[in-house]
1. Which one of L15, A243, I60 has its Cα pushed farthest toward the positive end of the charge dipole of the chain, where Lys and Arg give +1 and Asp and Glu give -1 at the Cβ?
2. So what is the calculated 222 nm ellipticity per residue for the chain, using -39500 (n - 2.57) for each DSSP H run with n of 4 or more, over all residues, to the nearest 500 deg cm²/dmol?
3. Based on the alpha-carbon gyration tensor of the range 416-495 and its eigenvalue square roots a ≥ b ≥ c, which shape applies: rounded if a/c is under 1.5, prolate if not and a/b is larger than b/c, or oblate?
4. So if I place +1 on the C-beta of Lys and Arg and -1 on the C-beta of Asp and Glu, and nothing else carries charge, what would the dipole magnitude of the chain be about its Cα centre? I want it in debye, nearest 20.
5. Sort D376, D444 so that the residue with the fewest other Cβ atoms within 10 Å of its own Cβ comes first and the one with the most comes last.
6. For a quick check: with amide H placed at 1.01 Å from N, whose amide H comes under 5 Å from G498's, ignoring anything fewer than 5 positions away on the same chain?
7. How would S149, S174, S461 line up from fewest to most surrounding beta-carbon atoms within 10 angstrom?
8. With each label point set 7 Å from Cα along the Cα-Cβ vector, what nm distance links N492 and A207?
Amino acid sequence: MNKITILWVDDEIDLLKPHILFLEAKNYLVVTCKSGQEALEELQETRVDIVFLDENMPGISGLETLNEIKILNSSLPVVMITKSEEELIMEEAIGSKIADYLIKPVNPNQILLSLKKNLDHSRLVSEKTTANYQQEFRKIAMDLAMVNSKEEWVELYNKLIYWELQLEEIEDSSMFEILESQKTEANNQFSKFIDKEYKDWFVNNNAPVLSHTLFKKWVVPELKNNKTLLVVIDNLRLDQWCAFEDTVNTFYKKIKEDCYFSILPTATQYARNAIFSGLTPLEMEKKHPNWWKNDTDEGGKNLFEDKFLGAQIKNLGLDIKWEYHKISSLKQGKQLSQNFKSQKDNDLTAIVYNFVDMLSHSKTEMEVIKELASNDKAYRSLTQSWFKNSPLLEIIQQAQTMGMKLIITTDHGTINVKQASKVIGDKDTSLNLRYKTGRSLTYDEKEVIAATNPKNIQLPSINMSSSFIFAKNDMFFAYPNNYNHYVKYYRNTYQHGGVSLEEMIIPFVVLEPK
């Protein structure tokens, strides 16, 4: 194996002989130069892995040499070493993308630490992360055997997301595969938990916060004495929020982060209408029959969210000025961003942003999106890239300058489906791939959660004999007709409507402007 080569540039290099001997004893190869010009010439001839660069040298200064090195090789790590603690020099060096900054006199262990940090960082992090997860694996396995409450499921899911984000950054794919198997096992157990507990959540006081109680229990308390921007990003999973949280943190500081549970089906017309109405789907159908649409009804299913929100605000007796906006295109997002100052007098500005949902559905339709979001890591990355370049970020920046509190949440998550489950229904059966409602449904009982009496879980029935079924884990429903074609077409696409940690346990974050 080739030795790591260090180029050390210092006009007093002879005084550094003990440091060089120390590094050579550690099996590093050290090439020395006494000036910036000499270093630039050396870099034309010699491949080096890292540069230690004195800032204060005659002739070309350290900072000038640094700029020239970056022109020659922008990815070469450069560690600046200086006697000066002047803030201006530090800022210039950092602005020029140095790898590290050391103040003279340096000792050999400082040099060694900088080398490890810059050259062995990936390997050391990988080894440490793998060792930590191996320890945590046993604890997660034990937790999976014991978890039996909504709070424990939120905690466990957060833990799985944490390790997924950690392990995706390292080179050991075997650890990631082990985590994937734990997520599958967790979803199997979670389905059993939901099957057992879910219907009781509508009749007892120990229920978690659900879609239809979210606004009253968690949003309304935040409105007191604060002008608030409520952003509901459709179809946003907990891991996707984690992917762009740092971008939001540039402008806002987080004061509360929690998870609530989406109602079933984890689909927009049910879950999001429930958020804005403060009602279950069954209650919406009864109280607002002109605004509620069942699966088989013609027309859009989410056309009256603003009316639902207005009715809920009135029902709660809130004396507030509010506006509602739905963004389903880049043009609409830009228009709201350009006119956002008009929201300054509102106590509540509610925005539904549909990008993530459009992305998940377009992934099914467009081959290019299938390539860009082929797995969860890529899906997170695509969401992060969208957010950083979206009008939504511009809106959030403006809200910060206007002193508005920010709430970010969603209506449901989504899951990458892998396994097909055969289902048979009549012509009026709903089309969603993760849930079905209709008469005379035929299915594999092991692969679904069935609600033969929808009223028990606060869902309306299309007719007297209608039932609902929900796909578990990463299953998706396919009809026997042309089965193989549709299985191939929909496998490895992102769908929602069923029962999984990814779809049901979703983020609710409250932030204050920095």
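1. Value: A243.
2. Per the formula, -13500 deg cm²/dmol.
3. On the way: a/c = 2.22, a/b = 1.63, b/c = 1.36.
It comes out prolate by the Cα gyration axes.
4. Working: 60 positive and 72 negative charges, 490 e Å.
Charge dipole, the chain, about its Cα centre: 2360 debye, nearest 20.
5. Working: D376 20, D444 11.
So the ranking, lowest neighbour count to highest, is D444, D376.
6. Close amide H contacts, sequence-distant or interchain: T266.
7. Values: S149 12, S174 8, S461 18.
With the fewest neighbours first, S149, S174, S461 line up as S174, S149, S461.
8. If labels sit at N492 and A207, their model points lie 4.0 nm apart.
Bear in mind that the values in this text are calculations on the coordinates, not laboratory data. Since we're looking at a predicted model, the values are computed, not measured. Using ideal geometry, Cβ is built from the backbone for each residue, glycine included, and neighbour counts are taken over all protein chains shown.
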